[in-house]
Each structure stands twice: as C-alpha cells, then as structure tokens.
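What follows is one structure encoded as structure tokens, with my remarks underneath.
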Amino acid sequence: MLALYKPFWKKLQELDFSEKEISGLQRLTQDKLRNPKQGDYPRWREALRSLPEVEVSAVDYSCHAIRCEGKNVEHGLIDSCYKGLMPWRKGPFDMFGCFIDSEWQSWMKWNRIQQKLPALENKLILDVGCGNGYYLFRMKAHKPLLLMGIDPGLLQIMQFWSVEKYTKSAAAILPLTLENLPTKLCHFDVVFSMGVLYHRKSPIHHIMELADTIKQGGHLVLETLVVEGDEMTCLLPQGRYAQMRNVWFLPSVAMLRVMLERNGFTGVECIDVTQTTTKEQRSTKWMKFHSLTNFLNQDKTKTIEGYALPLRVTLIATKK
Ligand SMILES: C[S@@+](CC[C@H](N)C(=O)[O-])C[C@H]1O[C@@H](n2cnc3c(N)ncnc32)[C@H](O)[C@@H]1O
C-alpha cells in the first residue's frame, strides 16, 4: 500500500510542505502500515489486491453515491472484492453498478452543510477522522488544490484505496490520528473534524490541535454530538452513550462556542443542528451489525441508557 502514497508526497513538495514535515508524515505512515496486526487484515489485503483492472469511463463525485462507470467490468469479482472489505459504515458508493449501501447515508450530512461551507476551490483541505474518505470524494467536486485525510482505521483506509483505484481523485488518507501529526503543521485553508470530538477524552486539546493545522484566517468545520442547554451544560455519560463505549464530552452548542473562542477561533457560526434518525444510520447488507434503532429505548425517545437522543451540530469557525 505504501507505493500508493508516492504521488501524494510529491504533491506536498510542490505545495511547499518542508522536507522535515514530509519525511515526518512518511515515516509515521510507514510505521503504521508496515506490519498491520488486525486479525482481518489478510482478508482486506486480498480483497484490495484482487480488484480487477477496469477501463473507467466516468466518475461522479456529485451524487449521493460516489459513482464509477466502466467498460468490460467483471461484476461478480468487483462485488466479491468490495464484500471482502465489509463492514462499510460510510457511503454509499456505486462502483460499476455494485451499490455499496453503507450503514450511514453520509450524503444526508453533506446535503445539510454543503451550501454553507467556506469555499473549497483551490484550497488545501484536511479531513480529520475522515473514515473511508466519503467526504473527501464529495469535496473533490469543488476542485480543491489538496485533499488530505487522516484516520487511524486500517479498514477505512483500505476501503478508500479500493475506490481511489478507479476514481484517481489524487486524495490520500494517512493512517494517523490528529495527535500524531507534526506540531504546527499550519498549512491548511479548511480543516474538517466531523464525528471525532466526542470520541476524545480531552476535547479542548482536540480543538487546540485542530487550530495548529490551520492557516491564519483559515476555517474549521466542526461537527459533533451536543446536548440542549446553555454554556454551563455538558453531558459526560456514566458509561456508554447509544451503546458506544468511547463517548466522552457532549457539550451544548453554547459551551462548544466558548471552547472554540478560548482556543484561537473567532466568528463561530452554527450552520446545522440535526437529530440523527434511523433513516440516516441503519443496518444494511453491507453493515450487518446492530445500528441506531437497536441503541434507542422502546418508544425511541431516549438512548437505550436513558440519555437524550443523538443531536449533531456543525459549526464553522475562523482561525485568528
Ligand atoms: C464517527 S467516525 C466519523 C467519520 C466521518 N468523519 C463522518 O463524519 O462520517 C469517527 C472517525 O474518527 C476516527 N478517529 C478517532 N479518533 C481519531 C483521532 N484522534 N484522530 C483522527 N481520527 C480519529 C475514527 O477512526 C473514525 O473513522
């Protein structure tokens, strides 16, 4: 997989990332990808390797499903390779007619925020916790200069390369967490952090680390779970939240605003507040485990633990 990153390193050079920054990112990427320990890795590797060559005739980043069309497609093989990379949580993707119906209808979030985002054209963009890169592909339609994602999830990265094999978007996902990045890598015009903050035990540090990646005057797009309330309100679940073990701070929108304003951001704007529904997040044949409906109480008015239903906000803020 390391060879797939070569054009990306070259692109960083052209964009004036320093040798030290590039070699730091290369070394971290190599360390993470050299000896993957995950038990399912051999299955994923086999699936990725077995994807056939296809003469791609069209790629579309602007529909709900990222779509590729091609000639002389071996449909059975394509289908079995993508099934070898299950579970698919983010999507959907339509790969030569093989419709990967992911757990999340990720296009619903994109539709809610797309019109209100800062301009992405000719911009350097970082997506922190980008999963399999669904949103990187959607951003490609806006003609950015650089699309870089980071995510520690190896399966998500392999899913990304399985799509990128055909799309050739020139985006890349590095197998890193935000904390792994060289400090003060402040090259990016727009940085996304969607669905990550509530997984962090230290949300303030997450915000500070995000600020360190953004150019002065650049923008942060922050999406996270929140609760109703004023700037004094924050939920720290006793244990699980909607069955998720790794959920920590769910602040109110007002508290989130203070967190941003005290950590290098100004002009905080709330562009969306939406309750997650079972239309947006559900089990499918591409993600067969339990999903949101199983994580709510019987009359669907609370999470199974008795907390408020999942409510997500998207804020845009400018780096001072
Ligand atoms: C809930 S998913 C959100 C995916 C996507 N951003 C979205 O909005 O649909 C959270 C993602 O963040 C990644 N992640 C968790 N901790 C992270 C960290 N410290 N730095 C970067 N990514 C992280 C996870 O691997 C996972 O893919």
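Values for this structure:
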{"quantity": "Options A47, P7, S23, ranked by Cα towards positive dipole end of segment 1-48, top entry (Cβ charges)", "calculated": "A47"}
{"quantity": "Residue-averaged 222 nm ellipticity for the chain, from DSSP H runs of 4+ at -39500 (n - 2.57), nearest 500", "calculated": "-8500 deg cm²/dmol"}
{"quantity": "Spin-label model distance (nm) - E179 vs T266, 7 Å beyond Cα toward Cβ", "calculated": "3.2"}
{"quantity": "For segment 16-319, share of DSSP beta bridges that run antiparallel, in % to the nearest 5", "calculated": "60"}
{"quantity": "Taking H75, H187, H206, H199 and counting other C-beta atoms within 10 Å, the order from fewest to most", "calculated": "H75, H199, H187, H206"}
{"quantity": "Greater than 30 Å apart at Cα, pairs in K83/K116; K288/K319; K90/K302; K168/K300", "calculated": "K83/K116; K288/K319; K168/K300"}
{"quantity": "Sparsely packed chymotrypsin sites (Phe, Trp or Tyr not before Pro) within segment 76-160, loop by DSSP, other Cβ within 10 Å at most 14", "calculated": "none"}
{"quantity": "E231 versus W110: modelled label distance in nm, points set 7 Å from Cα along the beta carbon direction", "calculated": "3.6"}
{"quantity": "27 Å tail of the calculated P(r), the chain, as % of Cα pairs", "calculated": "44"}
{"quantity": "GluC sites (Glu not before Pro) restricted to DSSP loop in segment 64-123 with at most 11 other C-beta within 10 Å", "calculated": "E121"}
{"quantity": "Label-point separation in nm, I204 to K37, each point 7 Å along Cα→Cβ", "calculated": "3.2"}
{"quantity": "Charge context of M139, other residues only, Cβ under 11 angstrom, K/R +1, D/E -1", "calculated": "+2"}
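We did not get these values from a lab; they are worked out from the coordinates using the rules stated. Note that the coordinates shown come from a computational prediction; the quantities given were computed from them, not determined experimentally. As a convention, Cβ positions derive from the backbone with ideal geometry for all residues, glycine included, and neighbour counts pool all protein chains shown.
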